[in-house]
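The values are calculated or read from the model by the stated rules, or taken from the named source; none is laboratory data. These numbers come from a predicted model, not from an experiment. Glycine gets a Cβ as well: all are built from the backbone with ideal geometry, and neighbour counts include every protein chain shown.
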């Protein structure tokens with residue numbers, strides 16, 4: 001049996017069996033799947049049955065798994081959530097790092113006698129955190145609350161600071177040991193730290209995204225090519241980090257941040273990248289951790305004492321951070337409890353740091369063993385604590401601002417406008433790291449030709465650098481089919497192909513589009529696109545009443561996304577610059593033209609390559625003769641009409657608003 005265990009075939013068989021059984025056992029015994037995989041590594045490892053560990057295959061796959069784990073963390077980083085609560089996220093994140101790090105430094109230097117580098121590495125282990133209980137808050141509908149947002153964003157800040165400490169500590173450790181045969185951290189660094197860190201940041205956050213965008217547009221139109229590119233980007237960043245004496249996981253994490261915009265979280269590309277890593281490489285890393293652990297050591301009194309001590313460090317450090325942050329950001333008791341419960345969770349990234357410290361000789365094996373015990377206890381506490389405080393938190397409705405998460409774009413008819421339609425939907429989706437899904441509604445007799453058109457739409461989106469999917473709905477009614485797809489796909493915006501203004505008093509957009517607009521539960525854009533645009537002109541209106549103000553906000557948001565997505569100039573024609581500045585934000589670049597009658601200012605400035613963006617309510621308020629005048633003038637121009645849910649149809653929206661007004665005074 002020992003000879004068989006030394007073969008690659010037997011190693012692969014046992015490893016895959018462990019990876020398959022780990023999550024199943026975890027769900028059965030209600031423990032995190034990562035702990036089940038570590039346990040199976042101990043069981044099958046040299047301290048157990050001896051079926052694994054005779055070859056280096058598992059350790060090599062595990063080394064890739066560490067890189068992949070941090071790369072996925074970077075890809076999944078929610079940049080928008082971080083920017084929304086920047087002040088509280090930075091404040092809590094800094095506190096969440098400082099307190100556990102300081103306590104860990106004291107314990108590392110006094111109790112463990114690990115030296116400055118070892119204590120710093122210990123601090124980076126427990127200053128970071130993983131939202132193990134995040135699925136619970138998501139199931140409870142609390143993911144949009146301030147508490148969860150700050151816990152997520154603050155955790156990212158703490159993790160990045162911990163990674164910075166890890167980079168510095170490992171660099172100096174490699175320089176001191178001068179071990180060129182270290183397979184995990186590479187050879188002696190060829191660049192000093194003050195050069196290697198800036199070089200790594202420039203490569204991952206500036207060079208890699210631009211090369212990626214060029215590759216997606218010019219070369220890599222298939223998802224297989226794109227998956228290989230992002231994996232090559234991860235490996236390149238990790239290699240560059242190693243050349244500078246920095247741990248490869250730092251480069252992998254930064255590569256994930258750099259490629260974040262190119263790989264939307266809800267896209268099929270992200271699913272494939274995630275599948276490759278989480279199927280084999282990341283589980284192999286967890287199994288490889290178990291191979292190094294002697295099960296008997298976990299019941300050693302010193303290991304138990306050390307594990308409990310680490311748990312106290314985490315609870316006290318994160319608890320102090322929450323209490324101090326509450327003074328500045330006025331968290332409620334329920335928010336404090338939820339943030340604290342979420343913040344004490346620890347997972348595989350903690351083990352990754354511990355494993356690096358072990359390989360560098362900064363830690364003893366008992367530190368890694370104790371950290372596993374701490375992770376188990378922390379997972380139980382974060383789970384029970386989160387469940388307790390979830391019941392005390394008021395449910396906040398989902399934010400209406402993330403219109404780009406799931407964008408449905410109509411490609412049912414005219415293929416000549418397909419490319420600009422997909423450009424429009426893709427740019428809106430980019431703002432939220434979302435996905436544009438091309439859809440078509442057809443009768444059964446037209447199923448084959450419509451499916452071919454959807455395939456063409458996916459190819460067109462891929463050629464533009466977007467990751468898009470498509471869906472076909474068989475229905476006798478375009479309006480009914482569209483509304484059904486909106487509900488089924490949880491769409492956040494619908495982009496409808498529009499053949500231009502109708503010279504009709506009753507149906508300005510056409511009866512089907514008017515029906516959709518009057519009944520659609522999400523914002524709607526009717527797009528009449530004759531060519532690719534190079535400038536965006538927005539006429540937002542004034543928004544004198546609340547429901548109009550919502551249309552103004554949506555219109556400016558859509559226009560900003562369309563201009564920013566292609567670095568196109570943005571021209572705003574309105575009678576109130578203060579509203580424009582408030583909605584677009586202080587960092588937005590735009591040209592403003594003051595006009596009390598924006599329509600009269602628009603026509604003399606209009607170019608064939610402009611895209612006009614306007615709210616539907618402005619059409620509702622126009623006299624019929626002016627509406628017909630603009631219909632004729634804008635027939636051959638790019639036009640996008642924006643409306644909030646249920647307010648798209650010109651006449652029905654007017655009647656809806658009047659009904660609301662009468663209802664308020666009834």
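When 27, 21 are screened for being within 22 Å of residue 274 (Cα to Cα) and either at pLDDT below 85 or in contact with a strand residue (DSSP E or B) (Cβ under 6 Å, 6 or more places away or on another chain) (or both), only 27 passes. Of the candidates 263, 282, 308, the single residue that is touching a helix residue (DSSP H, G or I) at 6+ places or on another chain (Cβ under 9 Å), under 25 Å from residue 124 (Cβ atoms) and at pLDDT below 90 is 282.
A quick yes/no check of all residues on (1) without any contact (Cβ under 8 Å) to a residue 12 or more places away in the chain; (2) more than 18 Å from residue 103 (Cα to Cα):
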{"site": "304", "(1), (2)": "no, yes"}
{"site": "307", "(1), (2)": "no, no"}
{"site": "319", "(1), (2)": "no, no"}
{"site": "324", "(1), (2)": "no, no"}
{"site": "327", "(1), (2)": "yes, yes"}
{"site": "332", "(1), (2)": "yes, yes"}
{"site": "336", "(1), (2)": "no, yes"}
{"site": "339", "(1), (2)": "no, yes"}
{"site": "342", "(1), (2)": "no, yes"}
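Filter region 478-489 for residues that are surrounded by 14 or more Cβ atoms within 10 Å (Cβ to Cβ) and over 21 Å from the mean Cα position of the chain (by Cα) and give the result. Within region 478-489, 478, 479, 480, 481, 482, 483, 484, 485, 486 qualify.
Within region 490-540, the residues that satisfy the criterion of being modelled with pLDDT under 80, assigned to a loop (DSSP other than H, G, I, E, B) and surrounded by 22 or more Cβ atoms within 10 Å (Cβ to Cβ) are 501, 508, 509.
Cβ-Cβ distances below 9 Å connect the following pairs, each with a first residue in region 406-429 that is free of Cβ contacts under 8 Å to residues at least 40 places away in the same chain, a second residue that is part of a loop (DSSP other than H, G, I, E, B), and a separation of six or more residues or different chains: 416/530. Screening the candidates 15, 40 for the property of being under 30 Å from residue 263 (Cα atoms), surrounded by 21 or more Cβ atoms within 10 Å (Cβ to Cβ) and more than 27 Å from the chain's Cα centre (by Cα) yields one hit, 15. Only residues that are surrounded by 15 or more Cβ atoms within 10 Å (Cβ to Cβ), at pLDDT below 90 and part of a helix (DSSP H, G or I) were counted in region 93-112, giving 4. Does region 311-318 contain at least one residue that is under 14 Å from residue 200 (Cα atoms), surrounded by fewer than 24 Cβ atoms within 10 Å (Cβ to Cβ) and outside the structural domain of residue 430 (by TED's automatic domain parsing)? Among the residues of region 311-318, not one is under 14 Å from residue 200 (Cα atoms), surrounded by fewer than 24 Cβ atoms within 10 Å (Cβ to Cβ) and outside the structural domain of residue 430 (by TED's automatic domain parsing), which makes the answer no. State whether one or more residues within region 431-451 are in a loop (DSSP other than H, G, I, E, B), touching a residue at least 40 places away in the same chain (Cβ under 8 Å) and within 30 Å of residue 336 (Cβ to Cβ). Yes, that holds for at least one residue.
Screening 435, 441, 471 for residues that are under 27 Å from the mean Cα position of the chain (by Cα) and crowded, with 21+ Cβ neighbours inside 10 Å leaves exactly one candidate, 435. Tallying residues that are assigned to a loop (DSSP other than H, G, I, E, B) and either at pLDDT 80 or above or not assigned by TED's automatic domain parsing to the domain that holds residue 137 (or both) within region 333-361 yields 2.
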